[in-house]
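Single-structure report; data block below.
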Amino acid sequence: DAGVTQSPTHLIKTRGQQVTLRCSPISGHKSVSWYQQVLGQGPQFIFQYYEKEERGRGNFPDRFSARQFPNYSSELNVNALLLGDSALYLCASSPLAAISYEQYFGPGTRLTVT
Amino acid sequence: SQQGEEDPQALSIQEGENATMNCSYKTSINNLQWYRQNSGRGLVHLILIRSNEREKHSGRLRVTLDTSKKSSSLLITASRAADTASYFCATDAYQAGTALIFGKGTTLSVSS
């Protein structure tokens with residue numbers, strides 16, 4: 001079976017622009033969560049969705065939003081990009097609603113804001 | 001905010017040696033997980049220990065959990081060059097719904 005896929009792999013945007021990142025979970029997984037990883041740091045939790053409902057939200061500004069589609073894929077949107085938004089954005093999926101169990105991570109999208 | 005803090009931040013050892021890394025967290029948890037990340041790529045789940053467990057083994061990995069001290073350790077025995085990676089602990093925490101909170105990680109370098 002295919003693992004978690006994310007697109008695009010790399011992205012360069014200018015300050016003030018908007019970006020949409022996409023994630024396809026492992027088949028049968030209904031939970032998707034998003035993380036931001038700045039160079040040299042651990043991943044920071046942004047959102048979790050399960051069955052299209054938001055189950056958790058990290059300490060990120062309202063410029064960050066996400067949604068989950070009926071096929072359980074997900075998009076992360078970031079508006080009014082700042083230089084500090086440059087990071088690796090990771091998506092993870094799981095068959096369970098509880099995020100305290102094993103998460104399956106995708107390879108990430110590297111976002112550079114100039 | 002980050003729930004877990006690993007130490008050491010960096011660890012360099014020779015192949016065949018054991019590597020121990022520690023994690024501390026702040027609030028009560030249901031489970032604690034350890035993940036590995038190679039060169040800024042996706043994370044791979046290594047092992048999960050429940051809050052009512054004290055020790056767990058998986059192959060060359062041994063994890064301990066002390067909930068009274070809010071700490072965990074990961075031991076990798078007989079390290080190999082392929083174990084070179086960053087290792088993170090992750091715990092669940094309530095944060096506007098349940099969140100998975102990662103520490104800053106330990107970077108392990110195993111030389112042959």
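The values are calculated or read from the model by the stated rules, or taken from the named source; none is laboratory data. Owing to the predicted nature of the structure, the values given are computational and were not obtained by experimental measurement. Backbone-built Cβ (ideal geometry, glycine too); neighbour counts: all protein chains shown.
Miscellaneous remarks
- Selection status of A:Ser33, more than 9 Å from every other protein chain (Cβ to nearest Cβ), crowded, with 22+ Cβ neighbours inside 10 Å and within 30 Å of B:Thr106 (Cβ to Cβ): no
- Neighbours by Cβ (under 6 Å, 6+ apart or cross-chain): first from the range B:57-68, under 15 Å from B:Tyr25 (Cα atoms) and part of a strand (DSSP E or B); second acidic (Asp, Glu) and modelled with pLDDT of 95 or more: B:Thr64/B:Glu55
Yes/no matrix, rows are residues, columns are (1) farther than 30 Å from A:Leu111 by Cα; (2) out of contact with any Cys (no Cβ under 6 Å at 6 or more places or on another chain); (3) within 11 Å of another protein chain (Cβ to nearest Cβ); (4) surrounded by 12 or more Cβ atoms within 10 Å (Cβ to Cβ):
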| site | (1), (2), (3), (4) |
| --- | --- |
| B:Asp7 | no, yes, no, yes |
| B:Ile13 | yes, yes, no, yes |
| B:Leu43 | no, yes, yes, yes |
| B:His57 | yes, yes, no, no |
| B:Arg62 | yes, yes, no, yes |
| B:Ala93 | no, yes, yes, yes |
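- Strands (runs of 3 or more DSSP E) wholly inside the range A:55-114 containing at least 3 residues that are among the polar types (S, T, N, Q) and away from chain B (no Cβ under 14 Å): none
- The number of residues in the range B:26-41 being crowded, with 17+ Cβ neighbours inside 10 Å and of a type in the set (D, E, K, R) comes to 1.
- Among residues of the range B:16-29 that are outside any strand (DSSP E or B) and modelled with pLDDT under 95, those with a beta-carbon under 7 Å from a residue that is surrounded by 20 or more Cβ atoms within 10 Å (Cβ to Cβ) and among the aliphatic types (A, V, I, L, M) at least six positions away or on a different chain give the pairs B:Thr27/B:Ala93.
- Residue, farthest from the other protein chains (Cβ to nearest Cβ), within the range A:3-30, restricted to residues that are assigned to a strand (DSSP E or B) and of a type in the set (A, V, I, L, M): A:Val19
- Selection of the range B:95-112 for residues being assigned to a strand (DSSP E or B), of a type outside the set (S, T, N, Q), within 14 Å of another protein chain (Cβ to nearest Cβ) and on the phi < 0 side of the Ramachandran plot yields B:Ala99, B:Leu100, B:Ile101, B:Phe102.
- Test: B:Glu6 is in contact (Cβ under 8 Å) with a residue 40 or more places away in the chain, part of a strand (DSSP E or B) and in contact with a strand residue (DSSP E or B) (Cβ under 9 Å, 6 or more places away or on another chain): yes
- For the range B:95-110, the condition holds for at least one residue, the condition being that it is in contact with a Lys or Arg (Cβ under 8 Å, 6 or more places away or on another chain), hydrophobic (A, V, I, L, M, F, W, C) and at pLDDT 95 or above.
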